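A.B. asks: Here it is, the structure, as structure tokens.
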Amino acid sequence: MVTLINARIFDGTALLPGTRTVVLDGNRIASITEGPAAAGEAALDLGGMTLMPGLITCHFHPDFYKFTLAQGLAGDPLGKEFPPGVMMAMAIRNGRVLLESGFTGYIGASCSNDVDAQYKIAIAEGIVEGPRLRACSPHIGTTGDLNDSKQWWRRQQTPGTDVFFDGPEDMRKAVREYTRRGAQTIKIFASRGHGFPSPVARNMDRDEIAAIVSAAHGRGAKVRAHVADKAMIMECIELGVDILDHGDEIDDEAIAAMATRGTFWVPSLIYPKCLLQLGWGDAEMQRLYDHVRAMLPRAQAAGVRMLVGDDYSGVFRDVIEDDPLDHQVGTYGREFAYYAAISGLSVADVLAWGTKNAGEAMLDDEDRVGVVAEGALADLIVVDGDPVAHPSILARPQEALKAVIRDGVFVIDRLDRHPSSLREAAE
């Protein structure tokens, strides 16, 4: 049992007044009380630093690291840059970067070679250290869609990040196979958009999406969709897709539908922002970018559960030295100050996207994560400063991040005058 005293607490929705004493018992938060620790109880004094839920990024590709956008444009498939073992090594490396950035979890948004599911096994078995994760399937698409290279003669014998099936029966079979292999989320490419132009808006027929959702929910999995066009957004919501990625043409009708159905939304505006800054976007991309920014406060007010997360893929590695979407310590945390600067959104709102809301998207059972609350799982970080007043400190973990607690154990410990790990403290 470990006691943390003099902690300012952001609980996943708000910064609580004063300081609190938080007791951890194993991998859970046992109690949160005002006032000092009980007499004789060993305590770790946080000295007024902020204790908050570990951050969770909700659009994460663990093996996006050593490719460039030019490769994709040339028809080289994602997930085939290196052998499967090297792709797994990338995931382990990127998972460590997440922890060092204050992110104790991620929700996968597709991967090659069952990397998510296998990485999760390795973490659970104690083979490697890593974040809590929700494993995702590859991108599921259809023959000849926008991800299926028109250079058909270059199709690989074994798939990478993109796989292709046709018809409801094959879709159901694919879902059952990927959930058997450990996927907890099924990713579909429902439409074009968000930097993926195509003359055809629809990638999947309605009956194919319906079959995927039915099969996934029947096996306890969620479905997330790359979707941008308004008609496809509405169809995905209606059919029960759980997470919408991007949603470039979201409007008030879609917002109302998402709020009613409890659909999660990952706007992921950092990617188009970078494309526009580099001069790679066009007037239509700028229009849609501005449109989504304008819709965010309306979605927040309506109660839509929004999430942080973007590709962080290395796609600009060959363009500029300081890659704006690379997996480097601190890059993920930039999203909080970016979104919080939008008129109509508060910092606490946006912090909840990466804590409370993300925790709800992460888990399916009665466990809780992404909150500082009694009984919740102890995935926590200690920040030297006030992230509500200054959200940009979350992009500077080398300075501000003092501790990362993952499932009740310190994985990063820069605090003074306390045991070097929760295991030591428990002994």
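A.B. asks: If you stretched the chain out fully between Ser31 and Glu125, how much longer would it get, using 0.36 nm times the residue separation minus the C-alpha to C-alpha distance? Before the final figure, lay out each step's value.
C.D. replies: Working: separation 94, 0.36 × 94 = 33.84 nm, distance 2.85 nm.
31.0 nm is the gain from fully extending Ser31 to Glu125.
A.B. asks: Sticking with this structure for a sec: How big is the chain along each principal axis, measuring the range of its Cα positions in Å and listing the largest first?
C.D. replies: Extents along the principal axes, in whole Å: 71, 45, 45.
A.B. asks: Right, something else. In the stretch 123-202, which trypsin sites (Lys or Arg not before Pro) are in a loop and have at most 13 other Cβ atoms within 10 Å, using DSSP for the loop call?
C.D. replies: Lys150, Arg155, Arg181
A.B. asks: Which residues among the stretch 184-202 fall inside the zone where the amide N is under 13 Å from a point 7 Å beyond the Cα of Ala231, along Cα→Cβ?
C.D. replies: What the label zone holds, given the 13 Å backbone N cut-off, is 191-192, 200-202.
A.B. asks: With labels modelled as points extended 7 Å from the Cα through the Cβ direction, what inter-label distance (nm, one decimal) is found for Gln157 paired with Gln328?
C.D. replies: Between Gln157 and Gln328, the label points sit 3.9 nm apart.
A.B. asks: Something else: Given springs between every Cα pair under 10 Å in a Gaussian network model of the chain, which of Asn357, Asn94, Asn27 has the largest fluctuation?
C.D. replies: Greatest mean-square fluctuation among the candidates belongs to Asn27.
A.B. asks: Ala283 to Ala256: FRET efficiency via 1/(1 + (r/R0)^6), r the Cβ-Cβ distance, R0 25 Å, to the nearest 0.05? Present the calculation step by step, with values, prior to reporting the outcome.
C.D. replies: Values: r = 29 Å, r/R0 = 1.15.
Result of the calculation: an efficiency of 0.30.
A.B. asks: If you don't mind, another one. Find how many whole Å separate the alpha carbon centroid of the stretch 109-131 from the alpha carbon centroid of the stretch 1-28.
C.D. replies: Going from one Cα centre to the other spans 29 Å.
Throughout, read-outs are computed from the coordinates displayed, never taken from laboratory work. Quick caveat, the model's predicted, so the values are computed rather than measured. Counting neighbours? That spans all protein chains shown, and the Cβs are built from the backbone with ideal geometry, glycine included.
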